[in-house]
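The block underneath contains the structure these notes are about, expressed in structure tokens.
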Amino acid sequence: MGKIAVIEEIMGEREVKQYFETWLETIIRSRIPITAIFLKAVTSLHGSDEQEHHVQDHVTFFLQSKIRKTDLLFQLSDGNHWGIFFLQNSAVEAKAFLNRIFSILKEEQSHPIELKASITEIRNNDVTFEALINKNKQRLADHEQSSWTIEEIADYRMQPIEIVKVSIIEHNEIFRQVLEITLNQLDLPHFTFDITTYEDGYSFLEMDHYKTGQLHLILMNDILPRKNGFEILHNLRKMPNAKKFIIYMMSERNYEGAMLNAYEGGVDEYIVKPFNLRLLEAKIKRTFARFWL
């Protein structure tokens, strides 16, 4: 591959920015981080422009040969910095990659090029592309940072708190209040509950509270006045975005046929009454923990 081909293939800042902005929204929906690596060549040849371009091209060729198909390599406008986006990977994988390529470069004799790097793991959308580049370039501009070192920027690792809609559909007023208090007191990392209660299935369906795109936990009795739990289940599971619903059905019917009907209809959990509230808490914690694995 010749020099012209490399220049044509590697992306620049302007091209990558639009991808980055799309990825930020994906992070929030998928809850899977991306990690940005920035590298700087610290070898100074003090030579001609042609020699400087030779160094840049060698680094570019080398990085292109080491990244995966799912990674995105680009070069900053100054020509002396490179960026790599690791999609769906944390800083741990990025650091392992850098240690591996640094080891290879250190052993090269034909091109005595030295690099240093910074890593930024991104788990929220509180960052712009420009801010990401400037922060990493500033970190790499530190003259006290020696070759082959890896700096880490942790400014964007805090995961956002997601608001989850919760609907409690229970005809018994006292038990309905107990469930509401229990869920309000439940401590779930990364989530907060917005709880609404209903005394029957008809009220729930009429309110249209469930027709948003938010993650929605439904805790409902199977037997209800005016639209029972199975009617609600059928309505929710035929919606285009049915996967957003986490449906717990509560029932006094403790026999195999009732459970099979519920699970085949699409419930996520079937809880037999009476039950220990700690059991309910444990099930909900386990459900939401899976979103962050």
When Ser251 is run through (1) under 11 Å from Asp222 (Cα atoms); (2) open to solvent by 20 Å² or more (accessible area, probe 1.4 Å); (3) among the small types (Gly, Ala, Ser), the failure sits at (2)
**Prompt:** Just wondering, is there one or more residues in segment 137-148 that are closer than 13 Å to Ala36 by Cβ, assigned by TED's automatic domain parsing to the domain that holds Val42 and touching a strand residue (DSSP E or B) at 6+ places or on another chain (Cβ under 6 Å)?
**Reply:** yes
Phe97 being more than 13 Å from Glu152 (Cα to Cα), modelled with pLDDT of 95 or more and open to solvent by less than 70 Å² (accessible area, probe 1.4 Å)
yes
### Message
Against the condition of a type outside the set (Asp, Glu) and closer than 30 Å to Gln88 by Cβ, how does Ile195 come out, does it pass?
### Response
no
By residue number, the members of segment 152-172 that are assigned to a strand (DSSP E or B) and either surrounded by fewer than 14 Cβ atoms within 10 Å (Cβ to Cβ) or of a type outside the set (A, V, I, L, M, F, W, C) (or both) are Glu152, Glu162, Ile163, Lys165, Ser167
message = With the structure loaded, tell me whether Leu233 is open to solvent by 40 Å² or more (accessible area, probe 1.4 Å) and either aromatic (Phe, Trp, Tyr) or more than 25 Å from the chain's Cα centre (by Cα) (or both) or whether it fails that test.
response = no
Considering segment 21-45, residues that are closer than 25 Å to Arg139 by Cβ and at pLDDT below 80, and then whichever is surrounded by the fewest Cβ atoms within 10 Å (Cβ to Cβ), we arrive at Ser44
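Every residue, every condition in (1) in contact with a strand residue (DSSP E or B) (Cβ under 7 Å, 6 or more places away or on another chain); (2) of a type in the set (Ser, Thr, Tyr); (3) free of Cβ contacts under 8 Å to residues at least 60 places away in the same chain, yes or no:
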residue	(1), (2), (3)
Leu76	yes, no, no
His81	yes, no, yes
Glu108	no, no, yes
Ile113	yes, no, no
Asp126	no, no, yes
Just checking, does segment 179-197 include any residue being part of a loop (DSSP other than H, G, I, E, B), open to solvent by 50 Å² or more (accessible area, probe 1.4 Å) and either hydrophobic (A, V, I, L, M, F, W, C) or over 20 Å from Ile246 (Cα atoms) (or both)?
no
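The values are calculated or read from the model by the stated rules, or taken from the named source; none is laboratory data. Worth saying up front: this structure is predicted, and the values here are computed from it rather than measured. Note that we place each Cβ from the backbone using ideal geometry, even for glycine, and neighbour counts take in every protein chain shown. Quick note on the areas: whole protein, heavy atoms, side chains included, nothing else; ligands and nucleic acids left out. Shrake-Rupley method; radii C 1.70, N 1.55, O 1.52, S 1.80 Å.
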